[in-house]
1. Run the dipole for the chain about the Cα centre, Lys and Arg Cβ at +1, Asp and Glu Cβ at -1, nothing else charged, and hand back the magnitude in debye, nearest 20.
2. Rank the residues Tyr12, Tyr47, Tyr31 as a footprinting-exposure proxy: fewest other Cβ atoms within 10 Å of their Cβ go first.
3. Can you give the log10 of the normalised intensity I(q)/I(0) at q = 0.13 Å⁻¹, computed with Debye over equal Cα scatterers of the chain?
Amino acid sequence: MQLSMGSGCLAYKIRIGEQAKTEDLVDIFDYDENLNLVGVEEQARFYDNWVKSLLNRNT
């Protein structure tokens, strides 16, 4: 969705149990001292857990 809305340099910083909001958008090239670099598999696993947390919240 973000790619069609701009330059493709933005991403949502998501949190388990919380819906992503506009204020959660971050520039993927900005510095963040709390950044935790992980592999693609861990990112996918976190995303799946995030989606599940939203589905469980609404039941």
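1. Working: 6 positive and 10 negative charges, 74 e Å.
In debye, rounded to 20, the chain gives about 360.
2. In increasing order of surrounding Cβ atoms, one gets Tyr31, Tyr47, Tyr12.
3. Log10 I(q)/I(0), no solvent term: -0.40.
Each value in this text was obtained by applying a stated rule to the coordinates, not by laboratory testing. All of these numbers come straight from a predicted model, not from anything done at the bench. Quick reminder, even Gly has a Cβ in these numbers, built from the backbone with ideal geometry, and neighbours come from all protein chains shown.
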